[in-house]
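Shown next, in structure tokens, is the structure this report addresses.
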Amino acid sequence: MERRILIKGMAAGLSSLYLSKSYAVRLLKAPYTDPFKPTWDSLTQYQVPDWFRDAKFGMWAHWGPQCQPERGDWYARGMYQEGSDQYKYHCDKYGHPSKFGFKDVIHEWKAENWDPEELIGLYKKAGAKYFMALANHHDNFDLYNSKYQQWNSTRMGPKKDLVGGWAKAAKHHGLRFGVSVHAAHAWSWMETAQRADKNGPMAGIPYDGKVTKANGTGKWWNGEDPQELYAQNHPLSQNSLDDGMIHRQWNWGNGVTPPSKDYCEKFYQRTIDLIDKYGPDVVYFDDTALPLWPLSDAGLRIAAHLYNKSIKKHGKLDALIFGKILNEQQRKCMVWDIERGQSNQIEDQPWQTDTCIGGWHYDRRIYEHNQYKSAKTVIHTLIDVVSKNGNLMLNIPVRGDGTIDDKERAVVEDIAAWMQINSESIYGTRPWKLFGEGPAIESAAPLSAQGFNEGKGKPFGAADIRFVKKDKTLYATLLAWPADKTAVIKTLNNGNAGKVEKVSLLGYPRPLEFAQKIDGLIVNLPEQAPGKNAFALKIEGAIA
């Protein structure tokens, strides 16, 4: 009798099939037709995987050589902006940027105390279901064993495969793994390195943005080409000396010097190499729509490759891409990401907000001045976002040496304590017919550009409630503990809502007394709140 073999994941939508050996051989030799093509129309076939919709909460290590000075976000750009705080700090700490440039900051960075196993274990304890590592930033330095970028963390700086270490730890702890890719913008973002001081004793002396391999004789970087890193062998963009112009040129318009074809193809090759080596389920792009769009189709080709690769690996599409400032068609092709903000309504498609408890790159001053977001703020953001069909991805800034500080750790531990009681009201839930009620809704700030509306509305109080459902259960989370120990949920009054049969409080052992009246569902709460920051009522009956 002919031996039969198992063929898995031959195409989208096929379950595992047992086939005869002869037929299987013919099938394996047949040309495979990729379902996704590198066009927007083709990418609209995309469906968000259920694992992401269920996960709700992820954490991010936005960590690279710009964390080494511990002086905040966009350091590799700001250190070349004469008169700026980062420029002054750099001159005091390292020397003038004509003599000690960003390439030399990389050389100083060793990541000597980095322990990905411990950190991801901590984030899992806090409730994260996926973890994302920075693969490169606008500084153009790859944080992995990059085949197409010599300036990478296995050859310089730490001399470690950082993405590989994060990926291994995430897999060990059972978290989905993602990477964030920002390097498409190095072309224009690093233009500040082409400048020179206008004032003072170093006036007119160029910074190191134009140095080449030939300038490395006798230097630590002898034999390396800094232009592979800086990518500044091109004319400045229009109004490049205006530090704010980069924001108006983010979509490769408004007078930006167009990136060369070689630059675009190198970015494509680096990103495909990253995907193929580390197999991420998640790829985040810090771009309008996709990288280098609309000047290049590199981003479209990367997206099609990731989706097709996921189908071949899993037998179904299990991966996702995050993009910013998406039009209606593009939101069907990937997951819409909102930076430091959230939608003010229930979105039809799953989405994500990404935010940080401090600055994106580590800033020692935030620690010293006690300016981190509190666990309460993070938890309220998570609850609000989930009620609107979104996920939250939270960055905990990592110091140059690879550790997080004690104040950050305390925030993560407080999130973990809340999740231990209330995670049932987060994971696997879906939006209800309304996302919530309360006075904060009316004061919600609109989105600006890619987001940036967090913290601009009225603070949440006891009258602010957020809803989600799971099967036939409704969760109504109070964003503060009522002073009179009575919860009033106006939406669930006996005129508009179905009959409530049971109410309980997560973390409290007994059912609660309640009455469903014309003014709302009135719930008598216990004398002592179980935990702090937010309180989830579990409501059963004909209401979900």
Go through region 183-212 and report how many residues are outside any loop (DSSP other than H, G, I, E, B) and closer than 16 Å to Phe100 by Cα. 9
Can you name every residue in region 105-156 that is of a type in the set (S, T, N, Q), part of a loop (DSSP other than H, G, I, E, B) and closer than 22 Å to Arg77 by Cβ? Asn140, Ser146, Gln149, Gln150, Ser153
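Check region 278-285 and report whether any residue there is at pLDDT below 95, buried (at least 18 other Cβ atoms within 10 Å of the Cβ) and among the acidic types (Asp, Glu).
If we filter region 278-285 for residues that are at pLDDT below 95, which is where we start, we get none.
No, that holds for no residue.
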Conditions (1) touching a residue at least 60 places away in the same chain (Cβ under 8 Å); (2) out of contact with any strand residue (DSSP E or B) (no Cβ under 7 Å at 6 or more places or on another chain); number of the one not met by Thr271: (2)
Does Asp139 satisfy being among the acidic types (Asp, Glu) and in contact (Cβ under 8 Å) with a residue 24 or more places away in the chain? yes
Identify the single condition in (1) polar (S, T, N, Q); (2) over 30 Å from Val378 (Cα atoms); (3) under 16 Å from the mean Cα position of the chain (by Cα) that Asn136 does not satisfy, given that it satisfies every other one. (2)
Of everything in region 477-533 that's in contact with a Lys or Arg (Cβ under 9 Å, 6 or more places away or on another chain) and touching a residue at least 60 places away in the same chain (Cβ under 8 Å), which residue is nearest to Trp432 (Cα to Cα)? Thr477
Inside region 340-352, can you point out the residues that are modelled with pLDDT under 95 and buried (at least 21 other Cβ atoms within 10 Å of the Cβ)? Gly341, Gln342
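Identify the residue in region 303-351 that is of a type in the set (Asp, Glu) and touching an Asp or Glu at 6+ places or on another chain (Cβ under 9 Å) and, among all such residues, is farthest from Gly178 (Cα to Cα). Working first, answer last.
Applying the first criterion (of a type in the set (Asp, Glu)) to region 303-351 yields 318, 328, 337, 339, 347-348.
Add one more test, that the residue is touching an Asp or Glu at 6+ places or on another chain (Cβ under 9 Å), and what stays is 318, 337, 339.
Details: Asp318: 12, Asp337: 14, Glu339: 17 Å.
Restricting to residues being of a type in the set (Asp, Glu) and touching an Asp or Glu at 6+ places or on another chain (Cβ under 9 Å), the top hit is Glu339.
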Please determine, by comparing only the residues of region 451-482 that are part of a loop (DSSP other than H, G, I, E, B), modelled with pLDDT of 95 or more and of a type in the set (A, V, I, L, M), which one is surrounded by the fewest Cβ atoms within 10 Å (Cβ to Cβ). Ala480
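The values are calculated or read from the model by the stated rules, or taken from the named source; none is laboratory data. Since this is a predicted model, take the numbers as computed values, not measurements. Every residue, glycine among them, receives a Cβ derived from its backbone with ideal geometry; neighbour counts consider all protein chains shown.
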